[in-house]
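Here the structure comes first, spelled out in structure tokens, and everything after it is commentary.
The values are calculated or read from the model by the stated rules, or taken from the named source; none is laboratory data. Computed from a prediction, not measured in an experiment: that's the story for all the values here. Positions of Cβ are backbone-derived with ideal geometry, glycine not excepted, and every protein chain shown enters the neighbour counts. Accessible surface areas use protein heavy atoms only, side chains included; no ligands, DNA or RNA. Shrake-Rupley method; radii C 1.70, N 1.55, O 1.52, S 1.80 Å.
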Amino acid sequence: MNKVLIIFLLFFSLIPIYANVPTQEQLSQSLESYQNGVYENSIKEYELMILNGFNNPYIYYNLSNSYYRNNDIGRASLNIERALRLAPRDKDIQYNRNFIAQLSGEPEQNIAEHIVSKLQLILSLNELVIIVFLLTIILCISIGIYFLKQQRFFLNISIICLVLFFLNAGLLCLKAYNEVILEEAIVLSDTQVKNKPIKNEDGAFSVLAGRKVIVLSELGRWVNIKLSVDGFSGWIDKNSIEKI
Amino acid sequence: MFEFKKNILVIMLLFISTVLFADDILNVFLNKREVELGKLLTLTVEISNDIENLDKFELPKMPDFIVLPKKNYKKGNKNIYTYDITPKNIGFFSIPSIVVYDKDKEITSEPINVKVVKYLQSKKSSYTNKSNENIFVEAYIDINSIYVNQQIYYTLKFSTKFDLASNPTYFLPMFKDFWKSESNTKSGYKLIDGENYFVFEVITKLYPMRDGNVIIDPSNVKVEYLKYDDVDNNEFNKILNAKKIKYSLNSNPVTVRVFPLPEIGKPENFTGAVGKYSIVASVDKKSVVINEPISLTVQIEGNGNINAISEPEIKLPTDMKKYATSVYTKSKGFTNSKRFKSVIIPLIEGEKTIPGVYFSYFDPDSKEYVNIKTDDIKVNISSGVYVKDIEVKQSDVDTQNIDKSIQPIKSDIKLKQYHHMLIKNKMFVFILIPFFMFLIYSLVYRIMVLYMQRDIVKLQKKAGYKKSLKYLHEAYKSMQEENQEKFYFNINLSIRIFLQSCTNSDYINMIKEEIKSNLNKFQISESLVIDIEKILIDCELFQFSYIKTTKLQMEDTYRNTKYIIEELDKVL
């Protein structure tokens, strides 16, 4: 059993993490800037940590708060979405995300969309990958031993694992579709969405900063987007959005 | 006689000269005299170059038409002016006389009458698409001539006299040149030409995105209706025996004439709202202390594309600070509303005024831009300390001043690195390979064990049963062909093969007495043995003899054999 544990630990240690973990001093410096109302400095500090490869939901959360205080709703929304993807069960992150989404004019979801978004808050994509991975291993071993030994105990484990596997794999597919396959982005500033990718074309409708959109295609400096809830689509300048 | 001819010639010459004169100075043409509502007409005015004051030429006012200049050009000694004119309503209208002046002389054209109909008679049949008068579908819009971004209702109407087996399924077109809002459905019974029809309607709000003639492709409706048997008088039987007929119908395409919004008079704050709107502004408190947040709500309500409306500019005095605005959109029936809720922080005491908020839209009825404004709001700001109702840390003072909704910053962060997208890490797949190999190995092992432990007798019996059924099936075919020899041959083989597979004795070459004595060794009922013997006797008798059996007899033998095989399968 110990050997198995060592193998797992060895495996997870093999997953490359290239990051300069910031020091507590750096962190307290950015907090101090925030408390003194110098939000630009606080933003700079957090952005630097992220630029060095540090990936932490609470850094994104604090960065989002700093942007919000600095009246940049677009980037506040972008960073709170990133935080939510890493820590979907955190109540504060959920709360701020809903608040900023309201500011950015996101309409209310219907019941089906609400259920789907609630399901996505159960586990993060990384957690689901690890759970599905471990369940696959347990499933292979238990079914394999059952075939060899024909013991009822392993059959029961296999059935339980299979049920859990399908539940988690379903959630994983849903999450992977939304976070990997669908390219989601955030509108950084209040913008007019155009019917055609032409500079002088009249705006078809306007989107507020912070609104979540789905990127459908790209054409030069233009991006074809679709609003995430009400489904309107149009063309927008590439620089006015940033992918989550 | 000669005098008479001369007079006629003079009259004719006079007439020709009048016509030529009229042609030379002013000619007015209209390409059609009868037109569908929303369709385009071309008005051509030809004026001679010779007349003075040509630059002062103007079309008379035509309130019943939308007039857009098309092309002006010269042809010979004539100036030709063309116009696109679109009728606004159904009825009889007149294009008034056109007047030009030549050296103080007034030259007037004749007025031209135009008939405007909803549908031209010749096209009506294709529009209603009454492929079957008991069931038909049509599509129409409430207004045929509109402006860009103006709201219209597209209705798909399906009517039938038949009883439907299920609800109709409808497929609306792409509406590629429109913004599409939600669709509503309604259904019920209506009297059409004195007959009761079930009517199903799908109503969709549309907003055109471009000008020009826009065609909405046909919609499709799929239904399944019940066709009753007219011969049957019993109502209950009629319903039970009703046939379900599938039917697919396409609606007519619909053409919309979309006009661009006029550039003249377009206000600076115009953001594309077309329709009729109203605006109201309100505050939650009119008396506050410094730093106490005031919630300012600006609500725009109207019957246009509410998504095209962005936040109107709020020009606050410098001693008031505005923070982020939250937006709420609501759609109810014919009207849509958008609410902009902003937080305002007063910084200096005194009686302050929140100035009225301006909003402009294009009214398609009056064909002009309308600028509306809310009333100014007076707020009394007194000096004092704004006390928050919850105790907060110093770091959150700013947060609480703005609003209480955002959660405070996190100060006790564990500096733990989270993985980036583990799903893209291929190492997981490589790690799983040995586990899958183990699973495959164990599966192969299990199959091998099962193969080695298989019950040969049981397998033989199973194979024998299958073979016997095959012969029985052949016998059935022979029976249908009334091939007596082949039938009894197959029946004989069917029984013998099954017995052989179950008992492991060579029953194929045994005579019936041997079979009987052999079967008595097993726990088979005497009656079943007698039945087997009887069938074997029949086979011997009828297979090679000239005695003809009837099909009825063969059927009886076939049924008995089937019964025997089933019974033997249970016993042996």
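Summary of computed values
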item: Close pairs (6 angstrom Cβ cut-off, 6 or more residues apart or separate chains): more than 19 Å from B:Lys414 (Cβ to Cβ) in the stretch A:24-49, assigned to a loop (DSSP other than H, G, I, E, B) anywhere; result: A:Tyr39/A:Asn70
item: Criterion violated by A:Arg89 - all others in (1) of a type in the set (D, E, K, R); (2) open to solvent by less than 60 Å² (accessible area, probe 1.4 Å); (3) over 18 Å from A:Ala209 (Cα atoms) satisfied; result: (2)
item: Sole residue being of a type in the set (S, T, N, Q), farther than 29 Å from B:Lys88 by Cα and open to solvent by less than 20 Å² (accessible area, probe 1.4 Å), chosen from B:Thr160, B:Thr204; result: B:Thr160
item: Subset of the stretch A:222-244 that is open to solvent by 40 Å² or more (accessible area, probe 1.4 Å) and charged (D, E, K, R) - its residue that is modelled with the lowest pLDDT; result: A:Asp230
item: Options B:Glu224, B:Glu182: the member that is over 15 Å from B:Tyr140 (Cα atoms), modelled with pLDDT under 80 and in a strand (DSSP E or B); result: B:Glu182
item: Number of the condition not met by B:Tyr546 [criteria: (1) touching a Ser or Thr at 6+ places or on another chain (Cβ under 7 Å); (2) open to solvent by 70 Å² or more (accessible area, probe 1.4 Å)]; result: (1)
item: Subset of the stretch A:98-120 (residues that are among the aliphatic types (A, V, I, L, M), in contact (Cβ under 8 Å) with a residue 12 or more places away in the chain and open to solvent by 30 Å² or more (accessible area, probe 1.4 Å)); result: A:Val116, A:Leu119
item: Residues of the stretch A:113-162 classified as on the phi < 0 side of the Ramachandran plot and more than 26 Å from the chain's Cα centre (by Cα), total; result: 25
item: Given (1) without any contact (Cβ under 8 Å) to a residue 12 or more places away in the chain; (2) within 25 Å of B:Phe259 (Cβ to Cβ), index of the condition B:Gly194 fails; result: (2)
item: Candidates B:Asn518, B:Asn492 - the one that is touching a helix residue (DSSP H, G or I) at 6+ places or on another chain (Cβ under 9 Å) and surrounded by 20 or more Cβ atoms within 10 Å (Cβ to Cβ); result: B:Asn492
item: Any chance B:Lys341 is surrounded by 14 or more Cβ atoms within 10 Å (Cβ to Cβ) and under 19 Å from A:Glu108 (Cβ atoms); result: yes
item: Residue match in the stretch A:183-194 (condition: closer than 29 Å to B:Ile423 by Cα, over 24 Å from the mean Cα position of the chain (by Cα) and part of a strand (DSSP E or B)); result: no
item: Search result, residues across the stretch A:30-68 that are of a type in the set (Phe, Trp, Tyr) and in a helix (DSSP H, G or I); result: A:Tyr34, A:Tyr39, A:Tyr46, A:Tyr58, A:Tyr60, A:Tyr61, A:Tyr67, A:Tyr68
item: Residue pairs meeting the criteria (Cβ under 8 Å; at least 6 apart or on separate chains; first more than 7 Å from every other protein chain (Cβ to nearest Cβ), in the stretch B:405-421; second among the small types (Gly, Ala, Ser) and surrounded by fewer than 16 Cβ atoms within 10 Å (Cβ to Cβ)); result: none
item: Condition check for B:Lys424: at pLDDT below 80, within 24 Å of A:Ile244 (Cα to Cα) and open to solvent by 50 Å² or more (accessible area, probe 1.4 Å); result: no
item: Pick from the stretch A:56-68, criterion open to solvent by 10 Å² or more (accessible area, probe 1.4 Å) and closer than 22 Å to A:Val21 by Cβ, ranking: farthest from the other protein chains (Cβ to nearest Cβ); result: A:Tyr60
item: A:Ser158 among the polar types (S, T, N, Q) and open to solvent by less than 40 Å² (accessible area, probe 1.4 Å); result: yes
item: So A:Ile198, is it outside any strand (DSSP E or B), away from every other protein chain (no Cβ under 13 Å) and of a type in the set (A, V, I, L, M, F, W, C); result: no
item: Residues being open to solvent by less than 30 Å² (accessible area, probe 1.4 Å), touching a Phe, Trp or Tyr at 6+ places or on another chain (Cβ under 6 Å) and over 23 Å from B:Glu311 (Cα atoms) - total across the stretch A:169-221; result: 0
item: Pairs with Cβ under 7 Å, 6+ apart, first in the stretch B:549-570 and of a type outside the set (Lys, Arg), second at pLDDT below 85; result: B:Thr549/B:Phe542; B:Leu568/B:Cys502
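This table checks each residue for (1) of a type in the set (Val, Ile, Thr); (2) within 30 Å of B:Gln553 (Cα to Cα); (3) assigned to a helix (DSSP H, G or I); (4) touching a residue at least 60 places away in the same chain (Cβ under 8 Å).
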| position | (1), (2), (3), (4) |
| --- | --- |
| B:Ile433 | yes, no, yes, no |
| B:Phe438 | no, no, yes, no |
| B:Leu443 | no, no, yes, no |
| B:Val449 | yes, no, yes, no |
| B:Ala463 | no, yes, yes, no |
| B:Leu472 | no, yes, yes, yes |
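Condition check ((1) modelled with pLDDT under 85; (2) assigned to a strand (DSSP E or B)) across all residues:
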position: B:Tyr140; (1), (2): no, yes
position: B:Thr155; (1), (2): no, yes
position: B:Lys176; (1), (2): yes, no
position: B:Tyr189; (1), (2): yes, yes
